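Take a look at the structure set out below.
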Amino acid sequence: MRIGIGRDLHRLERGRRLVLGGVVVSECVGCIAHSDGDCLVHGVIDAMLGAMAMPNIGVLFPDSCEKNRGRSSLSMLVEVAEIVAAKGYVLSNADAVIMLEQPKLSPFVGAMRHAIARSCGVGEGSIGIKATTAEGLGHIGESMAIEVVCVCLLKTLVLK
Ligand SMILES: [Zn+2]
C-alpha cells in the first residue's frame, strides 16, 4: 500500500462559477484558476500523485498549457487514475476536507462522491468528503479563499 496527501487553495472571486467534485455549487462566487478550478479534485489528484511519489498537479497539467484552459479537473483525475493503474495501483480510499465559508455543501456531497468515485473506477464507499467552515476567521472565513486537504491510500491492483 502507498499513502499520499494533497492540499490545494484557490482565491475566490465574485461572478465566477464554483465547481467542486465536478458539481456546480455556486454561480455567484468561484475559484480563480486556469482550469475549471475544482479545488476538491485538485486535492484528490495531488494525494494520488503524492502516494506514487510523483510531482504535483501543476507539473503534470501546467497552467502554461493552452489545452488545460477551462479544462474539467475530473478529466485530469481520470488521467491520473490511469497513470496509477499503469504503475500497478488502484485507489483504496480517499478522505477529503473542504474548508469553505459558503455555500453549505451538504446537499452536494453525494453527487461529488459519485463523480470522483466514477472517475477513479471505484465505489462511492471509497470516497469520504467532509465540509467545514472557518467560523468567520481568516481568508477562508471572509470567503476570500477555499482550501482542501485530502489523504488517500493506494493498493496494489490485483488482476482478475
Ligand atoms: Zn487547484
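Read the figures in this text as sums done on the coordinates, not as results from a lab. The structure presented is a predicted model; accordingly, all values stated were derived computationally and were not measured. In this analysis, Cβ positions are derived from the backbone assuming ideal geometry, glycine residues included, and neighbour counts consider all displayed protein chains.
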Under a 5 Å amide H to amide H cut-off, with H placed in plane at 1.01 Å, what residues pair with G128 once short-range neighbours are removed? A94, D95, A96
Using a Gaussian network model on the chain with a 10 Å cutoff between Cα atoms, which of I45, I83, I127 fluctuates the most? I83
By average C-beta atoms within 10 angstrom, highest first, the peptides 23-35, 60-72: 23-35, 60-72
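Highest mean first, what order results for 116-122, 140-146 on Cβ atoms within 10 Å?
Ranked from most to least packed, the peptides come out as 116-122, 140-146.
Treating only the Cβ of Lys, Arg, Asp and Glu as charged (+1, +1, -1, -1), what charge dipole size does the chain show about its Cα centre? Round to the nearest 20 debye. Please report the intermediate quantities before stating the final value.
Details: 16 positive and 16 negative charges, 89 e Å.
So the dipole magnitude of the chain works out to roughly 420 debye.
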Protection proxy ranking of 2-15, 93-106 - average other beta-carbon atoms within 10 Å, highest first: 93-106, 2-15
For segment 2-156, please report how many Lys pairs fall under 28 Å Cα to Cα, leaving out neighbours fewer than 8 apart on the same chain. 4
Spacing of the two label points (7 Å from each Cα toward its C-beta) at H34 and M52, in nm: 1.9 nm
Rounded to 10°, Cα long-axis angle of helix 109-120 versus longest principal axis of the chain: 30 degrees
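Quick check on segment 1-88: what are the equivalent-ellipsoid semi-axes from the Cα gyration tensor, as sqrt(5λ), descending, whole Å? Please list the in-between numbers first.
On the way: eigenvalues 115, 34, 24 Å².
In descending order, the three semi-axes are 24, 13, 11 Å.
Among bridges DSSP assigns within segment 2-156, what percent are antiparallel (round to 5)? Walk me through the numbers before you get to the answer.
On the way: 26 of 32 bridges.
Beta bridges within segment 2-156, antiparallel portion: roughly 80 percent.
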Using only the alpha-carbon atoms, what does the chain span along each of its principal axes? Please give whole angstrom values in decreasing order. 48, 34, 23
Karplus-derived 3J(HN,Hα) from phi for segment 50-60 (6.51 cos²θ - 1.76 cosθ + 1.60, θ = phi - 60°), whole Hz, x at Gly and Pro, runs x, 4, 8, 6, 9, x, 6, 4, x, 7, 6
Return the calculated 222 nm mean residue ellipticity for the chain, to the nearest 500 deg cm²/dmol, obtained by summing -39500 (n - 2.57) across DSSP H runs with n ≥ 4 and dividing by the residue count. -8500 deg cm²/dmol
Taking 0.36 nm per residue of separation and subtracting the Cα-Cα distance, what length does fully extending V24 through V90 add? 21.0 nm
